[in-house]
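**Q** Here's a structure for you.
The values are calculated or read from the model by the stated rules, or taken from the named source; none is laboratory data. Here the structure is a predicted model, which is why all the values come from computation and not from measurement. Note that each Cβ is placed from the backbone with ideal geometry, even for glycine, and that neighbours are counted across all protein chains shown.
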2 protein chains.
Amino acid sequence: MKLHNFNSGPSILPQPVLEEASKAIIDFNGTGLSILEIGHRTAWFQEVLQEAISSVKKLMQLNDDYEVLFLHGGATTQFMQVPMNLLDTEDTAAYCDNGIWGSKAAKEAALFGHVNIVSSTSDKQYTYIDKQFITPDNAKYLHITTNNTVEGTQWHQYPETLVPLVADMSSDIFSRPVDFQKFSLIYAGAQKNMGAAGVNLVVVKKEILGKISRSIPTIMNYQKHIEAGSLMNTPPVFAVYVSMLTLRWILAEGGLVEMEKRTLAKSSLLYNTLDSLPVFHPTVAKEDRSQMNAVFFLSDKTLETPFLDLCKQEGMIGVKGYRTVGGVRVSMYNALPLESVQAFCQLMEYFASRKG
Amino acid sequence: MKLHNFNSGPSILPQPVLEEASKAIIDFNGTGLSILEIGHRTAWFQEVLQEAISSVKKLMQLNDDYEVLFLHGGATTQFMQVPMNLLDTEDTAAYCDNGIWGSKAAKEAALFGHVNIVSSTSDKQYTYIDKQFITPDNAKYLHITTNNTVEGTQWHQYPETLVPLVADMSSDIFSRPVDFQKFSLIYAGAQKNMGAAGVNLVVVKKEILGKISRSIPTIMNYQKHIEAGSLMNTPPVFAVYVSMLTLRWILAEGGLVEMEKRTLAKSSLLYNTLDSLPVFHPTVAKEDRSQMNAVFFLSDKTLETPFLDLCKQEGMIGVKGYRTVGGVRVSMYNALPLESVQAFCQLMEYFASRKG
């Protein structure tokens, strides 16, 4: 049976990336060694890392004010690492609370300084993005989550602010062209649009660093990682390699313009189908719908289990909603073919015709 | 040309592990999905994680006082995470300074509390282990590095102490049977004897946790990781999988007794050859020699480059000494076949016959 992988992360990766990675585990680029066995200070790995960095710079059209780092951990590590590096004990950081991950990020920041929740949509179970809020001028930075993987919302226009903008882009990075230079710091766990779990991308504008008095543990210090060229300690070699391959694939396929074209084709098909079938019940505000993760429910709650069972039976992987939210979630990352969304929509229509 | 991989880490892995991992990148256990694409909360990954944990417990013969965690990062992350979890601001921790990594660990600990360097062998470039030192009874813990990868020394009998013993075992873990229950906390980056870079093993005696007043960032909190069963956030799935395969291989080959037998065969051959050839100049105290990493020099310094060139030419990978130490380093981890050490020793003899 053909499987369709709608996992929310770790999630589907491009087939050529998997084939190349599989080969490299046995013989990396004809060296006779596995990618798992080569030293991280060899010219071989230097090339991998440099290509990954330059691909990020190219895709983001970054100028030299920015540095690109590949660090251990996931976005959850950055929830702590960002305030540790940017927020002094007496400082205040502004956070938008638009979903479970942003909320967790704010909680970690409160361990390092003051946190001002400038906006929260928890009143309506995070089913919309509040765009009408004020960021105090004295905030050290404003933190947003560009796409809420769990709740299925996404910022389609970023907030205008005078303070440095910090973004968790884990689940929509490289899905569309963005003016990345609006941001002072961008971070993303790799395991959605960019590779395998176990590495973080951090893009940082150098001018925001070195402004706090706290002593930062070496391994958490962005400045020290910049000085060491992402090689302060043994990096997660294989995870960096898979990111490099995925970035190479994005560029070869046509870059972010092409990724957006595909994303729009998939998400508009999905949402159009959803809106046409009353058996399904979308709760997210239309203007804030995520192009990456469509979250919805069954109008009749008792139909949820039969629908999820049917999905399973038909090879639709990973469509169960997040454990705290329930319902259905369809993740449509870069590597997901349109054909998978078409198959899912046909299944929705079939289900509606039987149960609608 | 047959390559012999003496890399100090990332280093050689067992061939069956590489083959299994390569297959799993395309199709994990016949699921039709790549190991890189499966959710970390699926039963599939749960099985991987549980086997990894139970293999560690079996190899270490741990009782239920201990928990086994697989965490993001490398040992360098633990340099910070250990004191963050165990050392209050007014507390003192005792550190043995027997090499570059232990020295770095002590430096990070000083950011969290007081550090008492109870022993240092920096007077002789870390070429021996000082076993005559006193640990103050009020120390929160005593930290040692069981094997010094860079300098080529190893503890062959662990210090007796009344305070909790904490060890960085990154470069000799699972190379021999050890009374692991002597330790209150053991950590190890995976990329030597246990797998690929990008994951840390942490084994912790539960009773030492929860005794400090500091607020610990969630992702750094051992207690929270225990509660979440190593699944607080997306773990480095593939790196955990490779560790599981490597641990399975160690068990199948005969466990730690067999690993020690092989280690002794390799290291005694290497050291006997070294001692018999005056062209080479070992500087490490004989009784403290590492069975994992043999570090030595050329008696005539001008012969170093010709020897390293010859090694390269003959397919001996990764035998250049660490950048701050120089000379030659031969790493003999579990997966290195005896045949590679035999080939290296023949090369030493050949070189001695020409230049000795």
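**Q** Can you give me the number of residues within segment B:309-335 that are on the phi < 0 side of the Ramachandran plot and touching a strand residue (DSSP E or B) at 6+ places or on another chain (Cβ under 6 Å)? Can you show your working first?
**A** Of the residues in segment B:309-335, the ones on the phi < 0 side of the Ramachandran plot are B:309-314, B:316-317, B:319-325, B:328-335.
Remaining after also requiring touching a strand residue (DSSP E or B) at 6+ places or on another chain (Cβ under 6 Å): B:316-317, B:319, B:321, B:328-331.
Number of matching residues: 8.
**Q** Within the bounds of segment A:213-229, is there any residue that is in contact with a His (Cβ under 7 Å, 6 or more places away or on another chain) and buried (at least 21 other Cβ atoms within 10 Å of the Cβ)?
**A** Checked against the condition, which is being in contact with a His (Cβ under 7 Å, 6 or more places away or on another chain) and buried (at least 21 other Cβ atoms within 10 Å of the Cβ), segment A:213-229 yields no hits at all.
**Q** Restricting attention to segment A:275-299, which residues are out of contact with any His (no Cβ under 9 Å at 6 or more places or on another chain) and more than 16 Å from A:Lys124 (Cα to Cα)?
**A** Passing the criteria: A:Asp275, A:Ser276, A:Leu277, A:Pro278, A:Val279, A:Phe280, A:Ser290, A:Met292, A:Asn293, A:Ala294.
Each row is one residue, and each column tells you yes or no for (1) within 14 Å of chain B (Cβ to nearest Cβ); (2) farther than 25 Å from A:Pro177 by Cβ.
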| position | (1), (2) |
| --- | --- |
| A:Gly99 | no, no |
| A:Val115 | yes, yes |
| A:Ile134 | no, yes |
| A:Asn147 | no, no |
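**Q** Next question. Against the condition of a type in the set (Asp, Glu), facing another protein chain (nearest Cβ under 9 Å) and without any contact (Cβ under 8 Å) to a residue 60 or more places away in the chain, how does A:Glu47 come out, does it pass? Full working, then the answer.
**A** On the way: of a type in the set (Asp, Glu): yes; facing another protein chain (nearest Cβ under 9 Å): no; without any contact (Cβ under 8 Å) to a residue 60 or more places away in the chain: yes.
No, not satisfied.
**Q** Cβ-Cβ under 7 Å, sequence separation 6+ or interchain: first residue in segment B:224-238 and more than 7 Å from chain A (Cβ to nearest Cβ), partner among the acidic types (Asp, Glu). Which pairs?
**A** That search, which allows pairs on different chains as well, returns B:Ile226/B:Glu67.
**Q** Can you name every residue in segment B:277-328 that is surrounded by fewer than 17 Cβ atoms within 10 Å (Cβ to Cβ) and among the small types (Gly, Ala, Ser)?
**A** Once the filter is applied, which keeps residues that are surrounded by fewer than 17 Cβ atoms within 10 Å (Cβ to Cβ) and among the small types (Gly, Ala, Ser), segment B:277-328 yields B:Ala285, B:Ser299, B:Gly315, B:Gly326.
**Q** Count, please, the residues in segment A:101-144 that happen to be farther than 30 Å from A:Pro282 by Cα and of a type outside the set (D, E, K, R).
**A** The initial filter retains those residues of segment A:101-144 that are farther than 30 Å from A:Pro282 by Cα, namely A:108-116, A:135-141.
Keeping just the survivors that are of a type outside the set (D, E, K, R) gives A:109-116, A:135-136, A:138-139, A:141.
Residues in segment A:101-144 being farther than 30 Å from A:Pro282 by Cα and of a type outside the set (D, E, K, R): 13 in total.
**Q** Let me ask something additional. On the given criteria, is B:Leu270 among the hydrophobic types (A, V, I, L, M, F, W, C), assigned by TED's automatic domain parsing to the domain that holds B:Gln291 and in contact (Cβ under 8 Å) with a residue 24 or more places away in the chain? Give the steps one after another, and end with the answer.
**A** Values: among the hydrophobic types (A, V, I, L, M, F, W, C): yes; assigned by TED's automatic domain parsing to the domain that holds B:Gln291: yes; in contact (Cβ under 8 Å) with a residue 24 or more places away in the chain: yes.
The answer is yes for B:Leu270.
**Q** Counting only residues that are surrounded by fewer than 17 Cβ atoms within 10 Å (Cβ to Cβ) and of a type in the set (Lys, Arg), how many does segment B:177-212 have?
**A** Residues meeting the conditions: 3.
**Q** Here's something else I'd like to know. If A:Thr161 satisfies all but one of (1) more than 21 Å from A:Met60 (Cα to Cα); (2) surrounded by fewer than 23 Cβ atoms within 10 Å (Cβ to Cβ); (3) not basic (Lys, Arg), what's the number of the condition it fails?
**A** Going through the list (1) more than 21 Å from A:Met60 (Cα to Cα); (2) surrounded by fewer than 23 Cβ atoms within 10 Å (Cβ to Cβ); (3) not basic (Lys, Arg), A:Thr161 breaks only (1).
**Q** Another question about this same structure. Search segment B:64-82 for residues being in contact (Cβ under 8 Å) with a residue 12 or more places away in the chain and over 25 Å from A:Phe70 (Cα atoms), and hand back the single one that is farthest from the chain's Cα centre (by Cα). Walk me through how you get there before you give the answer.
**A** Filtering segment B:64-82 down to residues in contact (Cβ under 8 Å) with a residue 12 or more places away in the chain leaves B:65-82.
Still in the list and also over 25 Å from A:Phe70 (Cα atoms): B:65-68.
Working: B:Asp65: 23, B:Tyr66: 19, B:Glu67: 19, B:Val68: 16 Å.
My answer is B:Asp65.
**Q** May I ask you to list the residues in segment A:1-12 that are at the interface with another protein chain (Cβ under 7 Å from one of its Cβ atoms) and surrounded by fewer than 19 Cβ atoms within 10 Å (Cβ to Cβ)?
**A** Selection gives A:Leu3 alone.
**Q** Residues in segment A:13-44 that are more than 19 Å from the chain's Cα centre (by Cα), more than 9 Å from chain B (Cβ to nearest Cβ) and part of a loop (DSSP other than H, G, I, E, B): how many?
**A** Residues that pass the stated criteria total 4.
**Q** Further question: Would you confirm whether any residue within segment B:230-249 is touching an Asp or Glu at 6+ places or on another chain (Cβ under 7 Å), at pLDDT 95 or above and within 26 Å of A:Tyr322 (Cα to Cα)?
**A** no
**Q** Oh, and also: Would you be able to say whether some residue in segment B:187-204 is among the charged types (D, E, K, R) and more than 14 Å from chain A (Cβ to nearest Cβ)?
**A** Start the filter on segment B:187-204 by keeping residues that are among the charged types (D, E, K, R), which leaves B:192.
Keeping just the survivors that are more than 14 Å from chain A (Cβ to nearest Cβ) gives none.
No: segment B:187-204 contains no residue that is among the charged types (D, E, K, R) and more than 14 Å from chain A (Cβ to nearest Cβ).
**Q** Could you tell me which of the residues B:Met1, B:Met84 is over 25 Å from A:Tyr322 (Cβ atoms) and not assigned by TED's automatic domain parsing to the domain that holds B:Lys205?
**A** Values: B:Met84 fails: not assigned by TED's automatic domain parsing to the domain that holds B:Lys205.
None of the others qualify; the one that does is B:Met1.
**Q** Return yes or no: is A:Asp97 farther than 21 Å from A:Asp172 by Cα and without any contact (Cβ under 8 Å) to a residue 40 or more places away in the chain? Spell out the reasoning first.
**A** Numbers: farther than 21 Å from A:Asp172 by Cα: no; without any contact (Cβ under 8 Å) to a residue 40 or more places away in the chain: yes.
Considered against the rule, which asks whether it is farther than 21 Å from A:Asp172 by Cα and without any contact (Cβ under 8 Å) to a residue 40 or more places away in the chain, A:Asp97 comes out as no.
**Q** How many residues does segment A:279-333 hold that are among the hydroxyl-bearing types (Ser, Thr, Tyr) and assigned to a helix (DSSP H, G or I)?
**A** Looking only at segment A:279-333, we keep the residues that are among the hydroxyl-bearing types (Ser, Thr, Tyr), and these are A:283, A:290, A:299, A:302, A:305, A:322, A:324, A:331, A:333.
So of that shortlist, the ones also assigned to a helix (DSSP H, G or I) come out as A:302, A:305.
The number of residues fulfilling the criteria is 2.
**Q** Restricting to segment A:74-100, name every residue that is surrounded by fewer than 21 Cβ atoms within 10 Å (Cβ to Cβ) and of a type outside the set (Val, Ile, Thr).
**A** If the condition is that a residue be surrounded by fewer than 21 Cβ atoms within 10 Å (Cβ to Cβ) and of a type outside the set (Val, Ile, Thr), then A:Asp88, A:Glu90, A:Asp91 are the ones that fit.
**Q** Moving on. Considering only residues of segment B:101-113 that are at the interface with chain A (Cβ under 9 Å from one of its Cβ atoms) and in a helix (DSSP H, G or I), which is surrounded by the most Cβ atoms within 10 Å (Cβ to Cβ)?
**A** Within segment B:101-113, the match that is surrounded by the most Cβ atoms within 10 Å (Cβ to Cβ) is B:Glu108.
**Q** From the residues in segment B:205-217 that are in contact with a helix residue (DSSP H, G or I) (Cβ under 8 Å, 6 or more places away or on another chain) and within 12 Å of chain A (Cβ to nearest Cβ), which one is farthest from B:Thr92 (Cα to Cα)? Break it down into steps so the answer makes sense when it comes.
**A** Residues of segment B:205-217 in contact with a helix residue (DSSP H, G or I) (Cβ under 8 Å, 6 or more places away or on another chain): B:206, B:208-212, B:214, B:216-217.
Applying the additional criterion that residues be within 12 Å of chain A (Cβ to nearest Cβ) yields B:214, B:216-217.
Numbers: B:Arg214: 15, B:Ile216: 18, B:Pro217: 21 Å.
The selected residue is B:Pro217.
**Q** Same structure again: Take the residues in segment A:17-68 that are surrounded by fewer than 16 Cβ atoms within 10 Å (Cβ to Cβ) and within 18 Å of A:Val178 (Cβ to Cβ), then tell me which one is modelled with the lowest pLDDT.
**A** Taking the candidates together, the pick is A:Asn63.
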